[in-house]
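J.: Quick one: structure below, then a few questions.
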Amino acid sequence: MNLLQRWMASQNERHAIKQGMRALSKECMAAVQHSLPHAQRIHARALWYGDQTKAAVVWTDEHGQQRRWGIYLLFFRCRDAKGERAAIIAQSLAQFLAPAAPEDNHGDIACRSAAEVAQRLLALAAVVSRAQRLAQGVQHPVIDQAWLQSHGIAGFFSASEAAFWQDPQPGRQALVNVSWRAEAMLPMVWALGGMPALPPSDERASIWAWPLLQQAVQSPAQFIVQACLRDEEAIADEEERLVDEHWQVTDARLHRRPMPAHLDGGIVLERRYALSWMIGYGQDWDCVPIDT
């Protein structure tokens, strides 16, 4: 498929999503009206213009508070299960109105959800792919600007990632730093069940070879909807293991000792960063504390 054909295909897909989102929004507004007779000013937002990952049905409840029910991922769930569309919409609305209380096994922090990890993995896939293309001339067969726009991936970027993507000529160090984020992707692939165990901490990742990431890039919305994390305790245990390795790396550097043979400082740092983010540390991806 040449560049023009790929562009036309992405435009057709975007148009189909917009049309489908409009149809879904009408059904969702009807569901709100049926379930919440006191709801007022029911309307839909971000269906045709702007960031479609923010598409939502909005209303004012009986207390005068505005409620915003996100329907972007719901659209893909309904599209893949047409016979159960009404039931899926009703279930989604019920979950929105009465969300389950998150379990918190780490004091004041709460683990990121499977959907958040899946979205973060897609964002990293985009920026790492661009860094590798600009630094090494390696073009990913799927990830490009059209893919980013078609699937709303930019909506998952952190502030630093958005700046990197928009920079027409990132500096050499920026390319190196972002390329290293491939190692941060690996714990996410593991946590989402894409590999049985993390490779040794002195072994660089061949990230694009893993089927889970290939599937994620091919069908981002479906990947997010179907994402499922390992047990929180398993992820926390892995984070503790990487914290210990990070301490060994830091100790060796501080005391000018040889680096432990089984550790690569860059690999340890990136993997620990991702795991600490997954168990809830940091306000956002750009601000994860990794003290030792």
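J.: Can you run phi through the Karplus equation (6.51, -1.76, 1.60; θ = phi - 60°) for the stretch 172-179 and list ³J(HN,Hα) in whole Hz, with x for Gly and Pro?
T.: Per-residue couplings from phi come out as 4, 5, 4, 5, 5, 4, 6, 4 Hz.
J.: Shifting gears a bit: Compute the distance in nm between two label points, each set 7 Å from the Cα along the Cα-to-Cβ direction, one at K54 and one at Q214.
T.: Going by the 7 Å Cα→Cβ label model, 3.6 nm.
J.: Amide H to amide H under 5 Å from A56: which residues, 5+ apart in sequence or cross-chain, H placed 1.01 Å off N in plane?
T.: Correct list: R45, I71.
J.: Top mean-square fluctuation among R172, R77, R45, Gaussian network model of the chain, C-alpha springs under 10 Å?
T.: In this elastic network of the chain, the residue with the biggest mean-square fluctuation among R172, R77, R45 is R172.
J.: Then there's this: Show K54, K26 ordered by accessible area, largest first, where the area counts protein heavy atoms only and the probe is 1.4 Å.
T.: K26, K54
J.: Let me ask you something else. From the phi angles alone, apply the Karplus equation (6.51, -1.76, 1.60; θ = phi - 60°) to the stretch 54-62 and give each ³J(HN,Hα) in whole Hz, x where the residue is Gly or Pro.
T.: These are the phi-based 3J(HN,Hα) values: 9, 4, 7, 9, 10, 8, 10, 7, 5 Hz.
J.: So what is the calculated 222 nm ellipticity per residue for the chain, using -39500 (n - 2.57) for each DSSP H run with n of 4 or more, over all residues, to the nearest 500 deg cm²/dmol?
T.: -18000 deg cm²/dmol
J.: In degrees between 0 and 90, to the nearest 10, how far off the longest principal axis of the chain does helix 85-97 point, with axes built from Cα atoms?
T.: Its long axis makes an angle of about 70 degrees.
J.: Largest first, how would R130, R67 line up by accessible area (1.4 Å probe)?
T.: R67, R130
J.: Which whole-Hz couplings ³J(HN,Hα) result when phi for each residue of the stretch 194-208 is put into the Karplus expression 6.51 cos²θ - 1.76 cosθ + 1.60, θ = phi - 60°, listed in order with x for Gly and Pro?
T.: Once θ is set to phi - 60°, the couplings for the stretch 194-208 become x, 8, x, 7, 5, x, x, 7, 10, 10, 5, 7, 9, 5, 6 Hz.
J.: Would you mind checking which residues have amide H under 5 Å from D264's amide H? H placed 1.01 Å from N; only 5 or more apart, or other chain.
T.: D202
J.: Helix 3-35 versus the longest principal axis of the chain: what is the Cα-based angle in degrees, 0 to 90, to the nearest 10?
T.: 60
J.: What's the magnitude of the charge dipole for the stretch 152-218 around its Cα centre, counting Lys and Arg as +1 and Asp and Glu as -1 at the beta-carbon? Answer in Debye, nearest 20. Working shown, then result.
T.: Working: 3 positive and 5 negative charges, 15 e Å.
The dipole of the stretch 152-218 has a size of about 80 debye.
J.: Send over the per residue convex hull volume for the stretch 135-282, Cα only, as a whole number of Å³.
T.: So the per-residue hull volume is 138 Å³.
J.: When ligands, DNA and RNA are left out and all protein chains stay put, how many square angstrom of accessible area per residue does the chain have with a 1.4 Å probe?
T.: That works out to 53 Å² for each residue.
J.: Let me ask something else about it. Could you please state how large a percent of the accessible area of the stretch 240-292 is carbon and sulfur, counting protein chains only and using a 1.4 Å probe? Spell out each step's value before the answer.
T.: On the way: 1450 of 2860 Å².
About 51 percent, which is the carbon plus sulfur part of the accessible surface.
J.: Any idea what the dipole of the stretch 122-189 comes to, in debye rounded to 20, about its Cα centre with Lys/Arg Cβ at +1 and Asp/Glu Cβ at -1? Before the final figure, lay out the partial values.
T.: Working: 4 positive and 4 negative charges, 22 e Å.
Dipole magnitude for the stretch 122-189 comes out near 100 debye.
J.: To continue, here is another question. In nm, what is the difference between 0.36 nm times the number of residues separating D284 and E240 and their Cα-Cα distance?
T.: Values: separation 44, 0.36 × 44 = 15.84 nm, distance 2.00 nm.
Residue separation times 0.36 nm, minus the Cα-Cα distance, leaves 13.8 nm.
J.: Helix 182-191 versus the longest principal axis of the chain: what is the Cα-based angle in degrees, 0 to 90, to the nearest 10?
T.: Relative to the chain, helix 182-191 is tipped by roughly 60 degrees.
J.: While we're here: Relative contact order for the stretch 189-241: what percent, with Cα pairs under 8 Å and sequence separation of 6 or more?
T.: Contact order relative to length: 39 percent.
J.: To the nearest 20 debye, what is the magnitude of the charge dipole of the chain about its Cα centre, counting +1 on the Cβ of each Lys and Arg and -1 on the Cβ of each Asp and Glu?
T.: 1500
The values are calculated or read from the model by the stated rules, or taken from the named source; none is laboratory data. It should be emphasised that the depicted structure is a prediction, and the values quoted were computed from it without experimental measurement. Virtual Cβ from ideal backbone geometry, glycine too; neighbours counted across all protein chains shown. Please note that ligands, DNA and RNA were not included when accessible areas were found on the heavy atoms of the full protein model with its side chains. Shrake-Rupley method; radii C 1.70, N 1.55, O 1.52, S 1.80 Å.
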